[in-house]
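The values are calculated or read from the model by the stated rules, or taken from the named source; none is laboratory data. Since the structure is predicted, the reported quantities are computational estimates derived from the model, not experimental observations. So basically every Cβ, Gly included, is an ideal-geometry build from the backbone, and we count neighbours across all protein chains shown. These area figures cover heavy atoms from the full protein model, side chains too; ligands, DNA and RNA do not enter into them. Shrake-Rupley method; radii C 1.70, N 1.55, O 1.52, S 1.80 Å.
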Amino acid sequence: MRILFIIHAFPPGSSGGTETYTREIATALAATPGNRVAVLTREADAGRPQYCVRREELDGIEIFRINNTFEACGSFEETYTNPALLNIAADVIGGYDPDVVHIQHLTCLSAGLPRQLAAMHLPVVMTLHDYWMMCHRGQLFDLDGRRCAGPYDEGCDRCLPAVSAAGTLSWRAGHAIRSLSVPGLADAVRLVMRAADAAAPAASTRASSLARLECMQEAASHIDLFLAPSQTIADHFQRFGVTPSRIRRRSQGVDLTRFQPAEPARSSFLRIGFAGAFLPTKAPHILLEAVKLLPPGSVTVDLVGETTSYHGEDTYRDVLAPLLASPFVRRVGPAPHDRMPDLLSEIDVLVVPSIWIENAPIVIQEAFAIGIPVVASDLGGMAEAVTHGRNGLLFEAGNPQALAAQLRRLLEESGLLAQLRAGVAPPRSLEDDVGELSAIYEELSRAGTKPLRPSESELEEVVVDRPAAVSVRTGVTAVILNYNTADDTWLAVRSLQTSFAPPDRIVIVDNGSSDRSADRLRQMLPDLTIVETGRNLGFPGGCNVGIREALEGGAERVLLVNSDAVLAPDAIGILLAASKAHATAGILGPALLSRSEPGRLESAGISYSMVTGRMLHRDAGRHVSAVPDGLRDVDAVSGCVMLLTRAVLEQVGLFREDYFYSFEDLDLCLRARSAGFRSCCVPAGRAYHQGHSSIGRRSARRLYFATRNHLKVAGEANGSGGVAGLARGGWIVGLNAAYAVTSADAPLIPGLAAVIRGAWHHVRGRYGPD
């Protein structure tokens, strides 16, 4: 069986309870004959491109890490939906082709994944580790340090201003400023951020709260089965709207081969342990304040963990610092999970003083596996695991005096510690846990034996307000031009292959790459047609090679896709449906969105002025939600993603190869219009574009080609003679020179030189490569 785990973080980069548990069950499942296991997760590496995918292997597990630093996040909605990451994740999932998907956590990924998985007809099980689906902070714990009942009664107004539109922008600015490490500046930034948060209108925060709640309830509707490690979390999610029949109560297992009961060591004092992140919700301060109430020298406290920021706040560090200096504290620091058996065997009792409604802390089960009793807050899953007076003691959450009273009992009541230790029963074994999970996967897989692709009626249900789905055969051949971008090309191919309406054929044209891209692509994509040009023919020349190959193969339509673009799963079907519905639409393109800022439009079609010769990408910089989905006539669409009918290619011709780079798409669209064909943008279709992968964003050659080819297309479309032609040419040269002077993406002196050279080469009639 092919099993895919989806989780927000994964070892070795993260060692929380959820991540550690997932690694253990994934490793055990991978070691079972007949299984293949993969993990889709997120990492945050500021030194790597946003949304790039890194593949590695660990303990027989394939791991796909998508880089997401949130640097592109521009709204609260994008913190939990993230359409660009969703589409890249869909490509990975489609390439792995799992039999069952087990979601552990979706934070830092996208809440759209369950819907996507349902559209792919994959059975989905999800373990409930916390309350993130109903609470954006994950722990039902508000900004004022109190537990809350969730968004049902009060909404999230007490917390949501911190992630309002103003709050998001202030957080991004604050994050950048804090990274400068200027003394005192962090506090000032925090005050500014809070002022911006407070200024957010209550109505807008309530609307954002309800929108998130509806999004998460919709996501939950696509989960086949929820696994609840505690009755506490099961009850919360039933109130959230999940029917009891879709929630299965089950405890998680511990590797009992590593966590084995140890004989208690004799000591003249009580040895207390705490293991976890030093966060206000984990409340190590409650433990330390309680111990200060006990007789001096009677207790030691081993702290395993370290202080970390909590939702960007570091104020808890200041609260904890004087307590950490207490003489009874022994700071172990962060420890790898492999050391936990040894660390737990060195204490007499584990204290779990959390003040949030914990679900089922793994550390409690691990303490029981060693034979150690637990003193815990009388709250949630902690109170379910610990039976007061049998295997541990409970105290009122958040009350240091109540905790001190229970610890004093361990000091003063002879035999109590031994009695509690004798009452500890071994927890569920990891082996038993994995065996039951395997049975669950088999059960879901048998129940979900449906075709991989959705039917037409099902696709209409999944893709709301989109054109009807198309038949399995599309008549489309996709052409991808590769130039030293094998990894990007692979990602573009995967987005096509996992589309709801995939192209019948994919042709990769290697345009004279110098890095052996063609060889790598043949290894990665052995079933595709790869044509090598032998030298760099430029964008139009390379595309023409692929277009001719497609037409000779009988393609009814040709889809051109840049190597640095990925398509949404429904994009091809949407473009194709629009093409079939509008016979005169010879060239169609989707809305182009930025891969680094997926809510921001790069282009919803191109406007061209026959008077001035100015070319503009329509709606560039606007949020995608501001553009209606309906078909729109435009002067041109970007060659980044372009669907061309066979008729337009046969009657108008292919790209003019003397453009070499840029403006060949505008030229073709203008020629098509002269022949009676429309160019249309279909904003309901989405493609995500990285941009300038082959030539480089700061290359002066971009300005050379932009100036020369802009003058060329204006001269051919409008005429270059007379006063009007001279004025138009001067305007175009001036626009490019202004860009060289003002844009951070253009080198000043080389850029101006490139503009002058481009204009001179146009005057001389010199085109083609630079």
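In the chain, the longest principal axis of the Cα atoms and the axis of helix 700-718 are about 40 degrees apart. Counting Lys and Arg as +1 and Asp and Glu as -1 over every other residue whose Cβ lies under 10 Å from the Cβ of ALA397, the net charge comes to -2.
How far is helix 748-764 tilted, in degrees, relative to the longest principal axis of the Cα atoms in the chain, given as a value from 0 to 90 rounded to the nearest 10? It works out to around 30 degrees. Normalising the average separation of contacting C-alpha pairs (under 8 angstrom, six or more residues apart) by the number of residues puts the relative contact order of the chain at 9 percent. Net charge in the neighbourhood of ARG656 (other residues with Cβ under 10 Å of its Cβ; Lys, Arg +1, Asp, Glu -1) is -3.
Of all DSSP-defined beta bridges confined to the chain, some 30% are antiparallel rather than parallel. Once both labels are positioned 7 Å from their Cα atoms along Cα-to-Cβ, the gap between ASP432 and ARG632 label points is 6.1 nm.
The length gained on full extension between SER743 and ARG535, counted as 0.36 nm times the residue separation minus their Cα-Cα distance, comes to 71.7 nm. Here the chain exposes an accessible surface that is 53 percent carbon and sulfur, computed with a 1.4 Å probe and the other protein chains kept in place. Sorting 540-546, 46-52 by average packing, meaning the other beta carbons within 10 Å per residue, from highest down gives 540-546, 46-52.
In terms of accessible area, using a 1.4 Å probe and ignoring ligands and nucleic acids, ASP770, ASP318, ASP665 rank largest first as ASP318, ASP770, ASP665.
Checking [x] 58, 41, 22; [y] 57, 29, 23; [z] 75, 36, 28 against the coordinates, the calculated semi-axes √(5λ) of the Cα gyration tensor in Å falls under label [y]. Along the charge dipole of the chain, which of GLN231, VAL741, GLY630 sits closest to the positive end, that is, farthest toward it, with unit charges on the beta carbon of Lys, Arg, Asp and Glu (+1, +1, -1, -1)? Looking along the dipole axis, the top candidate is VAL741. Charge tally around HIS105: other residues with Cβ under 11 Å, Lys/Arg +1 each, Asp/Glu -1 each, net -1. Counted residue by residue at 0.36 nm each, then reduced by the alpha carbon distance between them, the extension gain from ARG330 to SER414 reaches 27.7 nm. Could I have the simple spin-label model distance between ARG146 and SER674, label points 7 Å from Cα toward Cβ, reported in nm to one decimal? Distance between the two pseudo-spin positions: 7.3 nm.
Averaged over its residues, the chain has an accessible area of 40 Å² per residue, based on protein heavy atoms and a 1.4 Å probe. Each Lys and Arg adds +1 at its Cβ and each Asp and Glu adds -1 at its Cβ; summed about the Cα centre, segment 396-437 shows a dipole of about 320 debye. Using the Cβ-Cβ distance between ARG258 and ARG766 with R0 set to 56 Å, the FRET efficiency works out to roughly 0.20. Using only Cα atoms, find the angle between the long axis of helix 538-552 and the longest principal axis of the chain, and express it within 0 to 90 degrees, rounded to the nearest 10. Result, in degrees: 90.
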